[in-house]
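Asks: Here it is: the structure, laid out below.
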Amino acid sequence: MILAFLTALALARKPSTEPPPPVPPLVAAPAAAPPTQPGSLWSEVSARRLMGLDTGARQVGDLVTVFVSEQTTTSVDASTDLARESASQAAISALLGAEKKLTAAHPDMGGVISIGGSSSSAFSGTGGTSRGSSIETWLTTSVIEVLANGNLRVWGYKKIRVNRETQYVVLTGVVRPRDIQMDNTVASDRLAEAEFEVTGNGVIADKQGPGFLSRLVDHLWPF
């Protein structure tokens, strides 16, 4: 019985197999080409190609290399202090002589007719959070969609595997063709709707989480 339990526990703690490669997002059907302007001899695309400013990345399947250099730092602090005190007191020193009979009939009144009260409350709270991330790499992406205005939606990933540890770097975003340099590269800060994802699993990722028994106890523990 104990051997079977230890075997099941070892299998549960075994590092997961290599994850499947990322799947590109779904894109809409290609948009219709904008109507031409009859009588005009000017073509921005042809002019940029003539001056060597157009890299030619215009169709689905073309490659664009993105230099990813992103650094993000976020910090939020909050502090709250509240306090309130109140007191009230009232007394009757004379009531046409009736106060003597009233206090005599009720010795617990202490010989006076009075009423008073006080209250106080206090609250104090502090909180803070901070987070930072940094990523820098070169990643060649594919054009998966050409938008109606000519902008390009790019997507790509890079797979890195070292010592049974697999890591994927995935990128997607929208880039203007004019922002692509002559060497077919573009900086990540020129991408709109940019999404960066670094994920994977292996022996290191397996050690980053609690064990099987600890997770089981966390799910079953009611307190």
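Asks: Taking Val203 as the residue in question, decide whether it is modelled with pLDDT under 90 and either of a type in the set (D, E, K, R) or exposed (fewer than 13 other Cβ atoms within 10 Å of the Cβ) (or both).
Replies: Answer is yes for this residue.
Asks: Return yes or no: is Arg58 part of a strand (DSSP E or B), over 30 Å from Gly132 (Cβ atoms) and at pLDDT 60 or above? Steps first, please.
Replies: On the way: part of a strand (DSSP E or B): no; over 30 Å from Gly132 (Cβ atoms): yes; at pLDDT 60 or above: yes.
Criteria not met by Arg58.
The values are calculated or read from the model by the stated rules, or taken from the named source; none is laboratory data. In this text the structure is predicted, and so the values were computed from the model without any measurement. All Cβ positions, glycine included, derive from the backbone under ideal geometry; neighbour counts span all protein chains shown.
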